[in-house]
Amino acid sequence: FQMSKTHERRKRVCVVGAGAAGLPSIRHALLYGFEVVCYEGQGDIGGLWRYKPEETDESSVMKSTVINSSKELTAYSDFPPKADDANFMHNRHMCQYLVDYADNYKLHDYIKLWHKVQNVERAEDYSKTGRWNITVNDVKSGSSFTENFDGVLLCTGHHTLPHWPEPWPGQKEFKGNVIHAHSYKDHKGLEDKVVAVVGVGNSGGDVAVELSKIAKQVYLVTRRGTWVFNRIFDYGRPVDCALNTRFFEGFRTMLPLWFTNAVLAWQLNRRFDHELYGLKPAHGVFGAHPTVNDEMPNRIAAGTIRIKPQIKRFTERGLEFEDGTKVEEVDEVIVSTGYSFEFPVLERGELVKVKENVVDLFEYVFPLACEHDTLGIIGLIQPYGSIMPIAEMQARVVLDVLAGRSKLPTTEERLALVQEKHCQMDGRYVKSRRHTIQVDYIPYMDELSKYIGCTPPYWFSYLPFDPLMAIHALIAPTASYFYRIRGPHAWPGARDAILTIEDRVAKATNPNKKGTIFTLKHAGVMEILVISVAFFCFLLALWH
């Protein structure tokens with residue numbers, strides 16, 4: 001799909017940021033034949049996944065962070081992970097995967113490090129051409145310059161602006177230390193301290209568990225509780241590999257939400273009773289973003305983490321909670337209340353408005369305020385699953401539209417679809433600043449893929465000529481490779497990558513073990529499905 005006329009000017013595309021969303025944006029822009037420049041404000045690639053021990057305004061994982069999604073469902077569509085990579089990689093290895101991806105496709109040639117984008121604004125002829133002027137600061141020299149581009153992909157993430165709750169009564173008089181989880185790097189300095197962690201999301205859970213091993217005591221403060229997923233499902237399989245299949249997704253979409261909520265809650269409570277451990281929320285499993293943590297129930301059982309309700313007030317040296325209990329001596333309070341996002345580089349914050357993390361973007365990518373589809377915001381989603389393959393798919397849609405190969409719905413249709421998504425969000429999720437950009441992995445990937453014609457074929461379409469692929473399309477993890485079977489820049493290695501998923505999963509823990517789709521133990525999933533089928537048959541019987 002490169003430009004057919006050699007004398008035509010190649011379109012120039014700017015990618016802002018060389019992290020997990022920026023790298024695949026560069027890769028696919030090159031596949032479309034665009035002239036690509038990527039500006040990265042830091043001295044290396046990797047974004048969030050490059051650990052930064054020092055305090056910065058940039059996003060960074062903690063020193064001990066491990067990915068919450070498995071390697072196969074985190075991988076880009078044409079770069080499967082190594083067989084000996086851990087199924088849940090430490091951030092150091094996750095960053096190395098990004099470096100290997102950039103090396104493999106020679107992306108470094110198009111990345112300008114230490115170049116920070118200051119402003120992206122519509123060019124004078126934007127109404128006619130859709131072009132953009134980008135002002136860039138050369139961090140090392142201190143000089144600034146402006147360049148003109150046909151398209152812009154903004155890949156700066158949404159974990160850079162810590163959200164602080166309203167101050168609690170007495171907080172100013174508190175003699176201890178209060179920080180945001182954004183500033184937490186490791187446990188050093190907190191040995192034998194009493195620590196309160198506010199917020200039971202993924203960051204709060206990770207901080208609490210890590211500190212519970214070396215602190216005197218950790219209190220985990222939660223307003224509404226949470227459902228806790230283990231990374232490892234039945235028989236040691238990665239949980240997302242077990243649940244993110246076409247087979248399971250088919251049942252999830254057919255059955256009522258209350259029923260799937262009940263079945264998954266039953267499954268999670270078999271591991272540990274959430275009510276007994278003080279974590280059971282009022283909402284269903286699909287009513288809020290889940291917490292992924294393997295050790296939390298063990299640390300609660302050991303007493304090194306104690307669950308507490310909302311903070312009522314700070315005392316000079318301690319905390320009082322809404323249930324009337326008090327902790328007289330607290331050394332450190334770590335606030336893990338998420339992040340806000342905004343777009344200060346887009347016409348100095350005036351182009352795309354955000355209020356309480358609510359923003360009007362078509363498909364969470366295209367600003368409704370823009371007349372042309374030449375600006376895409378990549379990676380601004382909170383998925384049930386990994387963000388990386390979704391960001392790649394978003395970039396593919398933006399670039400396909402920019403290439404003139406596909407078109408998006410009309411303005412009126414987009415407005416209706418954005419409103420529909422807002423309503424769906426309000427109807428399903430607990431009202432929260434966190435639940436404004438939620439997406440489900442398979443449905444959202446399918447939704448985006450339809451715009452550019454790369455939706456995976458139905459499993460049964462393979463039966464006459466490729467039954468092995470049919471089985472994988474039905475019950476294998478729906479990894480991003482499925483979306484490169486057809487469509488723009490179909491990848492010849494997609495089928496082989498799909499058929500070897502289970503082998504790479506198995507070899508991550510046992511190099512001598514060969515895994516295939518036929519050796520899987522799906523008992524845990526089958527229990528859920530048997531119940532679901534029985535319920536479905538019951539409904540059919542009632543209908544007749």
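The values are calculated or read from the model by the stated rules, or taken from the named source; none is laboratory data. The structure displayed is predicted, hence computed values, not measured ones. For neighbour counting, all protein chains shown are included, and Cβ atoms are generated from backbone atoms with ideal geometry for every residue, glycine included. Just the protein is used for accessible areas: all its heavy atoms, side chains included, with ligands, DNA and RNA removed. Shrake-Rupley method; radii C 1.70, N 1.55, O 1.52, S 1.80 Å.
With I377, I390 as the choices, which residue is closer than 30 Å to S183 by Cα and touching a residue at least 60 places away in the same chain (Cβ under 8 Å)? Reasoning before the result, please.
Details: I390 fails: touching a residue at least 60 places away in the same chain (Cβ under 8 Å).
When all the criteria are applied, what remains is I377.
Could you please find all residues in the range 149-182 being among the small types (G, A, S) and either part of a loop (DSSP other than H, G, I, E, B) or farther than 20 Å from A21 by Cα (or both)?
G157, G170, G176, A181
Would you be able to say whether some residue in the range 292-313 is buried (at least 16 other Cβ atoms within 10 Å of the Cβ), in contact with a helix residue (DSSP H, G or I) (Cβ under 7 Å, 6 or more places away or on another chain), assigned to a loop (DSSP other than H, G, I, E, B) and free of Cβ contacts under 8 Å to residues at least 60 places away in the same chain?
No, the conditions are met nowhere in the range 292-313.
Would you check which residues across the range 1-56 are open to solvent by 10 Å² or more (accessible area, probe 1.4 Å), modelled with pLDDT of 95 or more and in a helix (DSSP H, G or I) and list them?
Within the range 1-56, R27, L30, L31 qualify.
Looking at N261, N269 in this structure, which one is at pLDDT 90 or above, in a helix (DSSP H, G or I), open to solvent by 40 Å² or more (accessible area, probe 1.4 Å) and within 22 Å of M296 (Cβ to Cβ)?
Details: N261 fails: open to solvent by 40 Å² or more (accessible area, probe 1.4 Å).
After applying the criteria, what remains is N269.
Looking at (1) touching a His at 6+ places or on another chain (Cβ under 7 Å); (2) part of a strand (DSSP E or B), which is the only condition E210 fails?
Of everything listed in (1) touching a His at 6+ places or on another chain (Cβ under 7 Å); (2) part of a strand (DSSP E or B), E210 misses just condition (2).
Can you name the residue in the range 314-351 that is assigned to a strand (DSSP E or B) and without any contact (Cβ under 8 Å) to a residue 60 or more places away in the chain and is also surrounded by the most Cβ atoms within 10 Å (Cβ to Cβ) among such residues? Spell out the reasoning first.
Applying the first criterion (assigned to a strand (DSSP E or B)) to the range 314-351 yields 314, 319-321, 326-327, 332-335, 339-340, 346.
From what is left, the residues that are without any contact (Cβ under 8 Å) to a residue 60 or more places away in the chain are 320, 326.
Values: E320: 18, K326: 13.
The qualifying residue surrounded by the most Cβ atoms within 10 Å (Cβ to Cβ) is E320.
Can you tell me which residue among F343, F321, F362 is touching a Pro at 6+ places or on another chain (Cβ under 9 Å) and closer than 30 Å to L276 by Cβ?
F321
Quick test of your reading of the structure: K172 fulfils all but one of (1) in contact with a Lys or Arg (Cβ under 9 Å, 6 or more places away or on another chain); (2) closer than 27 Å to R434 by Cα; (3) among the basic types (K, R). Name the failing condition by number.
With (1) in contact with a Lys or Arg (Cβ under 9 Å, 6 or more places away or on another chain); (2) closer than 27 Å to R434 by Cα; (3) among the basic types (K, R) applied to K172, the lone miss is (1).
Scan the range 417-431 for residues that are part of a loop (DSSP other than H, G, I, E, B) and open to solvent by 30 Å² or more (accessible area, probe 1.4 Å) and report the count.
2
Please determine, by comparing only the residues of the range 238-258 that are assigned to a loop (DSSP other than H, G, I, E, B) and open to solvent by 20 Å² or more (accessible area, probe 1.4 Å), which one is farthest from V200 (Cα to Cα).
P256
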